[in-house]
Structures are given as C-alpha cells and as structure tokens.
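Note sheet for the following structure.
The values are calculated or read from the model by the stated rules, or taken from the named source; none is laboratory data. A quick note: this is a predicted structure, and the numbers were derived from the prediction, not measured. For neighbour counting, all protein chains shown are included, and Cβ atoms are generated from backbone atoms with ideal geometry for every residue, glycine included. Surface areas here come from the heavy atoms of the whole protein model, side chains and all, with no ligands, DNA or RNA. Shrake-Rupley method; radii C 1.70, N 1.55, O 1.52, S 1.80 Å.
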Amino acid sequence: AQAVPRVPIPAEGGDGAGHTLLLGQDGQLELLERLDFVVRNLVELRREVEELRNSLQHLAVEIVGEVRSHLEETQRVSRRRRFPFPRERSDSTGSSSIYFTASSGNANTDDGESEGGYTTANAESDYDRESERDSEEGEDEVSCDTVRTVRRDSLDLGPEEEASLRVEPSLEEDGEALGQLLQQADRLHAGDERDRREGFQLLLNNKLVYGEQREFLWRLARAHSDMWELTENEEEKQSYASEGKRELELSSQNWDQSAECHQWFAILSGQQSEYETIPKRIQAGFVFKEHIDKAIELKPEDPQLYYLLGKWCYQVAHLGWLEKKTMSALFETPPTATVQDALQNFLRVEELSPGFSKAGRVYIAKCYRDLGNSSAATLWMNLALELPGSTKEDAESERELEEMR
C-alpha cells in the first residue's frame, strides 16, 4: 500500500490560523500501537488490583477466624476452671489413633493440658480423681499395649520376635540396624519411581522405632517430598507435603542442629504452598529462607543448599507488583533479593561442585541474560548443553534452554 501523503488542513482559530499536518500511515500505526499498549497495561493493572483486594479480604477472614478460635478456647478453659464440679469421663483416651496414644502418655489428673499437648476431657474434683485412679492405671496399660500392637503390625514381625518389642531401647540403640536401614533408604531414593515408593513405605514401617533419630527423620521428610513429586493429584500433593512437615514438627527439638532436617523442612514448606493463596505462598517463602539459612550455617560446603537459596533469590527478584505489595503488607521488613544475589549463589554451587546440575547452569545463563551480559549468558548456555539431564527439573531447564537459544 502506498503511504498516505500529509495534507495540510486549516487549524482552528480564525482566518489567520496556521496549518497542521495529518499523520501519515506509519505515524497512525505507531500512535495506535502506543494506545493499545496503554490500554493493555490499564487492564493488567485493574486485574492485579482486583487480585490484591481479594487476597487481602481472604487474609482478613483468616485473621478474624484465628482470633475468634483463640477467644473461644480461652473462654472454654475459663469456664472449666470456674466450675470444678465432677463431669462424666470422656472416652477419648480410649482412641485407637496411634498419634493420640503415643503422644498423650499417662492420663493427666490436672485441669488444662496433658503432657502430650492435648486438653483433658474432664475436670474432676480431688475426690473423683482418687476414686478413679485404679481405672486410669488400667487405661494406661491398655494404651501401652495398643502402641506395642501397632508397632508390631507396622514392622510385620513374627511371634518369635514379639518379646524384643517389650524392651523398647533394644532397636533404638542398635546402630548397625539403623545404619543398614538408612543405606537401603538412600539406595531406593536414588532409584526409579517404584524404588522411591518402596523407600517411602519402608521408612513409614519403621517410624515408630526410629522416629526420634534425626538421621531417620530427614530421610522420612525426603520420602514425603519424593511422593509429592510422583503424584499428579493436587490433594495428594498437599497431603504428602503437610504430613512430611508434621513429622518434623513433632520432633523439632531433636533436629535443630541438623542441616538436612532444616533443608527438607524448607523444601516441604515450599511444596505445601504450591497451590495456596498469594499471602500463604509468601509466608512459606519466608519460612523457606529462614531454614535454608540455618542449614547453610550448619553445613556451609553443601552445594545443594546454595542452589536452593539461589532459586529463592531469583524468584524473589522476579516477583510481580501484586506479590511485592502483599509482602510489604505481611512483613514489617520484607525479605528482598536481586538477580545478582541469585547469580552469586549459583556460582558458589559451581565453585563447590563443578557441573552440579544442568538446571544450575541454565539459571546462571538466565541471570547473566537478565543483567545484560549476553556473552556470559551464551557461554553458560553452552556449558549447560554439555551436561546430561538426570532429574525432572533438568528436563524443564532443557526446554528453557531451547527457548533461550
């Protein structure tokens, strides 16, 4: 098409007014493109404002719910202490739940909470407590028998080994047996999907015996993370991540000085927030950073930890406007990170273990690209091509690498 010529037309303002020029076709197209760009940005801004409004409303509802629950619990405790007349005993201590019987221990005769953290179901007078002491001792014996029975079933032991279960420290103090179990768990974790599922079940079967050992705990958490990766169902993913975190939380006093436990707690926190709202994802990111920092403090030469920290920095550096506003609302001093921070962590990985992963080198190339250093980005893209892809994340990085090329 031929260009539209510029035609002089009179401008408003009387006979003595000058002339203006009509825009040519190129100028009109440029103007339309600019107007379209402005409209798209306004639509995007409107959508982000709407998402922020919904997120803040959801956060407000959660806060109100938590405050209300706390007030109701406080009122219940207050009423229980104000009216100490005898009540009928609840049969909740007879629950067959292994978590309840294993955690509650001896029946508590005081008002308030039991040793395991559960609120007692009755508030008897001193006279009632004296009269029921014998029956409570019988209940304790039943609870202990329940724990031993479930432990025997979970380990699939024969009758000839039943006597060994009555002496609980025997298996816990057997370092050789635990070492063999951990080696088998590591071997299954390094295998295919079937092996990892088998390793998960193996650790579950031995949880009651070795659940207090931190070397066992972090492998159990890792197995939950493996199951999170293997399943495609969203609800199952949430279940595996939350259960893995719960296993660590129940024994948190045993692993504060374990870098691996901090590492897998951070990973499970991130996995659990995968399908959550923006505020919960940001809170999980804060927890992730806290535990990764602690793990690095305990194990400063582990390349995997710097790789995880580099990913966190890269994601924070690329947060959108909505996420940044939500983070500012949730934290008085929100965590910050730059692409340069991410690059330094990924380079630290290469320093500690050259060729640690294909995904790590792709991240380095992306960092240099974002910083405007195209020659360095090309160099690391070529270095990434030299490494084979061995994980699901490496496969995703391979697709990103093709797009970058």
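Accessible area per residue for the stretch 181-300, computed on protein heavy atoms with a 1.4 Å probe, is 47 Å². In order along the stretch 185-201, the phi-based Karplus estimate (6.51 cos²θ - 1.76 cosθ + 1.60, θ = phi - 60°) of 3J(HN,Hα) comes to 5, 5, 5, 5, 4, 7, x, 7, 4, 4, 5, 5, 5, 5, x, 4, 5 Hz; Gly and Pro are listed as x. The GluC sites (Glu not before Pro) of the stretch 306-400 meeting both criteria, a DSSP state outside H, G, I, E and B (loop) and at most 15 other C-beta atoms within 10 angstrom of the site's C-beta, are 332, 386.
Of 245/294; 311/358; 245/324; 324/358; 207/392, which sit over 22 Å apart, Cα to Cα? Where the Cα-Cα span goes over 22 Å, the pairs concerned are 245/324; 324/358; 207/392. The figure for residue 69 is an accessible area of roughly 70 square angstrom, using a 1.4 Å probe on the protein chains alone. With q set to 0.11 Å⁻¹, the log10 of I(q)/I(0) for the stretch 181-300, from the Debye formula over equal scatterers at the Cα positions, is -0.34. Residue ranking by accessible heavy-atom surface, 1.4 Å probe, largest first, among 228, 321 comes out as 321, 228. Restricting the stretch 245-282 to GluC sites (Glu not before Pro) that sit in a DSSP loop and have at most 16 other Cβ atoms within 10 Å of their own Cβ leaves 276. Full extension of the chain between residue 182 and residue 63 gives 38.6 nm of extra length, using 0.36 nm per residue less the Cα-Cα distance.
Residues with beta-carbon under 9 Å from that of residue 219, excluding residue 219: net charge, scoring Lys, Arg +1 and Asp, Glu -1? Net of charged neighbours comes to -2. Taking only protein heavy atoms and a 1.4 Å probe, the accessible area of the stretch 181-300 is 43% carbon and sulfur.
Can you put 186, 26, 302 in order of accessible area, largest first, using a 1.4 Å probe?
Numbers: 186 50, 26 120, 302 25 Å².
Most to least solvent-accessible, the answer reads 26, 186, 302.
Computed over protein heavy atoms with a 1.4 Å probe, the accessible surface of the stretch 311-405 works out to 54 Å² per residue.
Its Cα centre serving as origin, the stretch 181-300 has a Cβ charge dipole (Lys and Arg +1, Asp and Glu -1) of approximately 240 debye.
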